[in-house]
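Computed from the coordinates by the stated procedures, all read-outs in this text should not be read as laboratory data. Source: prediction; values computed, not measured. Counting neighbours? That spans all protein chains shown, and the Cβs are built from the backbone with ideal geometry, glycine included.
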Amino acid sequence: MDATDLAFAGLARQAELIRAGEVSSRELTELYLGRIERLEPQLRCYRVVLAAEALAAAAAADARRGDAAPPLNGVPIAIKDDTDIAGQVTALGSLGHGGPAEEDDEIVRRLRAAGCVLLGKTHVPELATMPATESLAFGATHNPWDLARTPGGSSGGSGAAVAAGLAAAALGTDGAGSIRIPAAACGLFGLKPTRGLLPNPRDWKGLSVTGPIARGVLDAALFTDAAGADGMAAAAGREPGALRIAYSLSVARGLTASADDEQRNAVLRTAERLRDLGHTVQERDPDYGNVTVNVTTRYLDAVRDSGESMPHPERLARASRGLVSMGAKLPSFLVSRAYAQEEPDRRRIADSLEGFDVLMTPVFTRRPPLIGAWSGLPAPVMLNGMANFVAYLPLWNHTGQPAAAVPVEAAEDGFPVAVQLVGGIGDEARLLSLSAQLETDTGWLERRPPLAA
C-alpha cells in the first residue's frame, strides 16, 4: 500500500494494519503530519497541530501493540476546536476565548483510552454558529473538492481534514447540522447520534451532540463505540433487512428555499437504488407543523448563551454579536414555549411517518456556497440565508433523533452529493446498517477529492 492509499485507508483498516504489525502508529502519524505540512496552507483545516504530542502518543501505542491493545490503538484522529484538550486553548473560532483547558473533556478521554492519537484541533466558525467555517480570528477553511467553496460548518475543519487525507477520522459536534453539513459537503459519512448517547461537553441548550466524521460507515461506527456507545460496529457490518423508507423533498413552513435539481435528483435516484436493494420506498411528507419557529428560537437562545459565556465577549466579531443580540431580544415566553414543544413536535412528526422505519431527505437545498457568501450581511439576513441552505437539518436537533449524511453520487464535475437518513430515538444501528449497504452499492469509498495525492 503506497502512502496516499494508506492515508485514505480509513480508521477501521488502519487499526487492522497496526494490530497486524504491517504499519506502525509512528509511521502513520508521520505520514499525516507530512500531509498536513504540505496541504494545510491551501486548506486551513487545523487551528493547532500537536505534532510532538502526537508522536509521543504514537510511540506509546507502538509499545502496547498486541491482543491487549485498545480497539483504535495508534490511529491518528482530529478533534474539533469546541472540545477541550488538556493544555490547549479551546478557541471556538474566536478571539474571545480564555486560557488553556485544565483537562480533557470526557469524550476526549474516552478516545485516548481507545488508543487514538490526537493530531490537533480543527477550525470552526466563531461560536460554532455557521454552516461555513470562516471566522475573523482564523480565516476560512477550504473544501478539498473545490477550494473556492466552504467545506461546511461548524465542524468544517474536521470535514476538510478527513476528506483531504489529513486525519483518519475526526470528532465533530452537531447543534443544527454541524456534523452532517461538512460530511455531505466533503463527501464523507457523518452521524448525529441520539441526544445523550455520547458525552457532550457543550450541549448548546440541548441541541448539540458529539459524533464522528469519517470516510466510511464502519469507521464512524468504530469511532462511536470507542466514544461510549455499544454495538455500532456490529450494526455497520450486518444487512439492514427489508425496510420501509419514506422520502420527502418538502421543507417546513417558514423556510422559503427548496431543493435544486442536483439535490432533488440525488434523493430520487437513491430512492430507486433503495428499491433495487429490496426496500419499500414511498414519498411521504412529514407534518412539521411550526417546528421552524421552535428550532430558530432554540438556536438563537443557544447562540446567546454561548456568546455571553465567552471569557471575552467584547472581542466577538460583528456577525456573532448580531446573532447574540437577536437571541437576547427573544421574549422569554417564546423561548419557554420552544423548549416545551420538543416532545409534541417529535410525536407529531413521528405520527405522520407511522409505518416507516427511516426518512430520507436532501441534506442541502443547493451545493455548498462559495467562501464569503454570507460575509458582511446583517445578522437577520445571514441567518435567513443559512437556514434556507440547511433547511432539512436543524429540526432533528430539536427533536433529538439520530440522523446521518451519506454520500451517494457525484455531480457532473465530480462534486459530492449526499442524502440525509433520519431514524427514531435510539435508531443509530438501523441507520448505520442501511448507510453501509448504500455505501457498498454506490462504491463511494473509492472516490477522493482532487486535492488528495
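For a test of the definition: using alpha carbon positions, the gyration tensor, and the 1.5 limit on a/c, classify segment 140-273 as rounded, prolate or oblate. Intermediate results must be reported in sequence, preceding the final value.
Values: a/c = 1.32, a/b = 1.10, b/c = 1.20.
Cα axes put segment 140-273 in the rounded bin.
Dividing the alpha-carbon Rg of segment 343-388 by 2.2 N^0.38 Å yields what? Intermediate results must be reported in sequence, preceding the final value.
Working: Rg = 16.2 Å, N = 46, 2.2 N^0.38 = 9.4 Å.
Dividing the Cα radius of gyration by 2.2 N^0.38 Å gives 1.72.
Pull out a ≥ b ≥ c, the square roots of the eigenvalues of the alpha-carbon gyration tensor of segment 23-110, then state rounded if a/c is under 1.5, prolate if not and a/b is larger than b/c, and oblate in the remaining case. Intermediate results must be reported in sequence, preceding the final value.
Numbers: a/c = 2.63, a/b = 1.37, b/c = 1.92.
Cα axes put segment 23-110 in the oblate bin.
Counting only other residues whose beta carbon sits under 14 Å from that of Leu370, what net charge do I get with K and R as +1, D and E as -1?
Numbers: positive: Arg149, Arg366, Arg367; negative: Glu134, Asp146.
Net local charge, Leu370 excluded: +1.
Considering only C-alpha atoms, what is the centroid distance from segment 22-86 to segment 98-173, in Å?
What the calculation gives is 14 Å, centre to centre.
Have a look at Ala57, Ala86, Leu171 and report the one farthest towards the positive end of the charge dipole of segment 55-211, computed about the Cα centre with Cβ charges (Lys/Arg +1, Asp/Glu -1).
Working it through, the farthest residue towards the positive pole turns out to be Leu171.
Taking the Cβ of Val89 as the center, what net charge do the other residues with Cβ under 11 Å away carry, scoring Lys and Arg +1 and Asp and Glu -1? Show your work: numbers first, answer last.
Values: positive: Arg47, Lys121; negative: Asp81, Asp84.
Summing Lys/Arg as +1 and Asp/Glu as -1 gives 0.
Quick one: which residues, 5+ away or cross-chain, put their amide H under 5 Å from the amide H of Val281? H built at 1.01 Å from N.
For Val281, the qualifying residues are Ile245.
Return the loop-located GluC sites (Glu not before Pro) in segment 330-416 (DSSP other than H, G, I, E, B) with at most 15 other Cβ atoms within 10 Å of their own Cβ; answer none if there are none. Spell out each step's value before the answer.
Working: sites: Glu342, Glu354, Glu409, Glu412; in loops: Glu354, Glu412.
In loop regions of segment 330-416 (DSSP not H, G, I, E or B), the sparsely surrounded GluC sites (Glu not before Pro) are Glu354, Glu412.
State to the nearest 20 debye the size of the charge dipole of segment 67-173 about its Cα centre, where the only charges are +1 on K and R beta carbons and -1 on D and E beta carbons.
It comes to approximately 260 debye.
For Gly172, which sequence-distant residues (separation of 5 or more, or a different chain) have an amide H within less than 5 Å of its own amide H, given hydrogens modelled in the peptide plane?
Placed amide hydrogens put Gly211, Ile213 under 5 Å from Gly172.
Classify segment 297-372 from the C-alpha gyration tensor, please: rounded if a/c falls under 1.5, else prolate or oblate depending on whether a/b exceeds b/c.
On the way: a/c = 3.41, a/b = 1.49, b/c = 2.29.
The shape class here is oblate.
How would you rank 300-309, 64-73, highest first, on the average number of other Cβ atoms within 10 Å across their residues? Write out the running numbers ahead of the final one.
Working: 300-309: 21.0, 64-73: 15.1.
Put in order of decreasing packing, that is 300-309, 64-73.
Using the Cα centre as the reference, give the magnitude of the dipole from point charges on the C-beta atoms of the chain (Lys, Arg: +1; Asp, Glu: -1; all else neutral), rounded to the nearest 20 debye. Working shown, then result.
Working: 44 positive and 54 negative charges, 157 e Å.
Charge dipole of the chain: 760 debye, to the nearest 20.
Among (i) 15; (ii) 28; (iii) 38, which is the computed percent of Cα pairs over 38 Å apart?
(i)
Residue by residue, what Karplus-based ³J(HN,Hα) values in Hz, rounded to whole numbers, does segment 25-38 have, using 6.51, -1.76 and 1.60 with θ = phi - 60° and x for Gly and Pro?
Those phi angles translate into 4, 4, 4, 5, 5, 4, 4, 5, 4, x, 5, 4, 4, 7 Hz.
Once phi is turned into ³J(HN,Hα) by the Karplus curve 6.51 cos²θ - 1.76 cosθ + 1.60 with θ = phi - 60°, what whole-Hz value does each residue of segment 47-57 show in order, with x for glycine and proline?
7, 9, 9, 9, 4, 5, 5, 5, 5, 5, 5
May I ask for the distance between the Cα centers of segment 397-439 and segment 318-340, given as a whole number of Å?
Cα centres, segment 397-439 to segment 318-340: 30 Å.
Counting Lys +1, Arg +1, Asp -1, Glu -1, what net charge surrounds Leu17 among other residues with beta carbon under 14 Å of its beta carbon? Kindly include the intermediate steps, with their values, before the conclusion.
Values: positive: Arg13, Arg19, Arg26, Arg65; negative: Asp2, Asp5, Glu16, Glu22, Glu27, Asp62, Asp219.
Charge balance near Leu17 sits at -3.
With the crude spin-label approximation of a point 7 Å out along Cα→Cβ, what separation in nm comes out for Asp261 versus Asp203?
Roughly 4.6 nm, to one decimal.
About its Cα centre, what dipole magnitude does segment 314-434 give when the only charges are +1 on Lys and Arg Cβ and -1 on Asp and Glu Cβ, stated in debye to the nearest 20? Spell out each step's value before the answer.
Values: 11 positive and 12 negative charges, 144 e Å.
Roughly 700 debye for segment 314-434.
In percent, how large is the relative contact order of the chain, given Cα pairs closer than 8 Å and 6 or more residues apart? Mind showing how you got there, number by number?
Numbers: 1061 pairs, mean separation 77.9, N = 453.
That works out to 17 percent.
Residue by residue, what Karplus-based ³J(HN,Hα) values in Hz, rounded to whole numbers, does segment 271-281 have, using 6.51, -1.76 and 1.60 with θ = phi - 60° and x for Gly and Pro?
The phi angles translate into 4, 5, 4, 5, 4, 4, 7, x, 8, 8, 10 Hz.
Given the -39500 (n - 2.57) contribution per DSSP H run of 4+ residues, what per-residue ellipticity at 222 nm results for the chain, rounded to the nearest 500 deg cm²/dmol? Kindly include the intermediate steps, with their values, before the conclusion.
Details: 17 runs with 179 residues, N = 453.
Computed mean residue ellipticity for the chain: -12000 deg cm²/dmol.
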